Amino acid sequence: MAIERTLSIIKPDATRRNITGKINARFEEAGLKIIAQRRIRLSRTQAEQFYEVHSERPFFNDLCDFMTSGPVVVQVLEGESAIAHNRQIMGNTNPANADAGTIRKDFGESIEANSVHGSDSPENARREVYFFFCDCDLVG
Ligand code: IDP
Ligand code: MG
């Protein structure tokens, strides 16, 4: 067990419904600390680079359209086993398959518009945190 940092994104379906505070409350109630946060509009290039790993998937183009369709909130969460813990708090990619009480079950609209992104490994967390933030932004 170790203190980790993970990259979270509150997606456009959630900013559109003005529920960023409700989602942040889930992280804080679960013991994760928001140590950096910025509301931005992703450029097409940023979305394509961020989701590069999915560039061959059939949903890639639609995903980039969706992620640039409105503001997002990029944030760094810190806590014990934060990467796996955040994935638990988020729930399954498809809200229909997510456990009760998870963010995606309670707020997700579809497998695409599923309200939140969270890093899935230490390597990806590092890449994704520094995609948006520098060390001076991280105030633990
Ligand atoms: P994750 O967000 O749970 O890690 P990934 O497989 O990494 O899921 O997919 C990245 C994002 O791409 C998902 O959060 C979702 O927004 C979108 N996505 C994943 N699978 C599909 C799909 O089958 N159809 C449409 N969008 C999808
Ligand atoms: Mg993923």
What is the residue count in the range 88-107 for residues that are more than 9 Å from ligand 1 (Cβ to nearest atom) and closer than 19 Å to Gly70 by Cβ?
3
Some residue of the range 105-126 being modelled with pLDDT of 95 or more, under 15 Å from Ile23 (Cα atoms), touching an Asp or Glu at 6+ places or on another chain (Cβ under 7 Å) and of a type in the set (Asp, Glu):
yes
Sole residue being more than 14 Å from ligand 2 (Cβ to nearest atom) and of a type in the set (S, T, N, Q), chosen from Asn92, Asn124, Asn114, Asn97
Asn97
Residue count, the range 56-95 (criterion: farther than 19 Å from Val129 by Cβ, of a type in the set (Gly, Ala, Ser) and without any contact (Cβ under 8 Å) to a residue 40 or more places away in the chain):
1
For Ala47, the lone unmet condition from (1) within 15 Å of ligand 2 (Cβ to nearest atom); (2) more than 18 Å from Thr15 (Cα to Cα); (3) among the aliphatic types (A, V, I, L, M) is (2)
Here is a list of conditions, (1) within 12 Å of the chain's Cα centre (by Cα); (2) more than 16 Å from Glu29 (Cβ to Cβ); (3) of a type outside the set (D, E, K, R), and Gly140 meets all of them except one; can you say which number that is?
(1)
In the range 38-61, the residues that are within 23 Å of His85 (Cα to Cα) and buried (at least 18 other Cβ atoms within 10 Å of the Cβ):
Phe50
Can you find, within the range 100-111, the residue that is surrounded by the most Cβ atoms within 10 Å (Cβ to Cβ) among those that are among the charged types (D, E, K, R) and more than 16 Å from ligand 2 (Cβ to nearest atom)?
Lys105
Unique residue being charged (D, E, K, R), part of a strand (DSSP E or B), touching a residue at least 60 places away in the same chain (Cβ under 8 Å) and out of contact with any Pro (no Cβ under 9 Å at 6 or more places or on another chain) when the list is Arg5, Arg26:
Arg5
Going by the structure shown, is Glu29 modelled with pLDDT of 95 or more, acidic (Asp, Glu) and either within 14 Å of the chain's Cα centre (by Cα) or under 28 Å from Ser81 (Cβ atoms) (or both)?
yes
All conditions in (1) more than 15 Å from ligand 1 (Cβ to nearest atom); (2) exposed (fewer than 15 other Cβ atoms within 10 Å of the Cβ); (3) of a type in the set (Phe, Trp, Tyr) are true of Phe133 except (2)
Does Ser69 count as in a loop (DSSP other than H, G, I, E, B), farther than 22 Å from Arg5 by Cα and near ligand 1 (Cβ under 10 Å from one of its atoms)?
no
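The values are calculated or read from the model by the stated rules, or taken from the named source; none is laboratory data. From a predicted model like this one, the values you see are computed outputs, not experimental measurements. All Cβ positions, glycine included, derive from the backbone under ideal geometry; neighbour counts span all protein chains shown.
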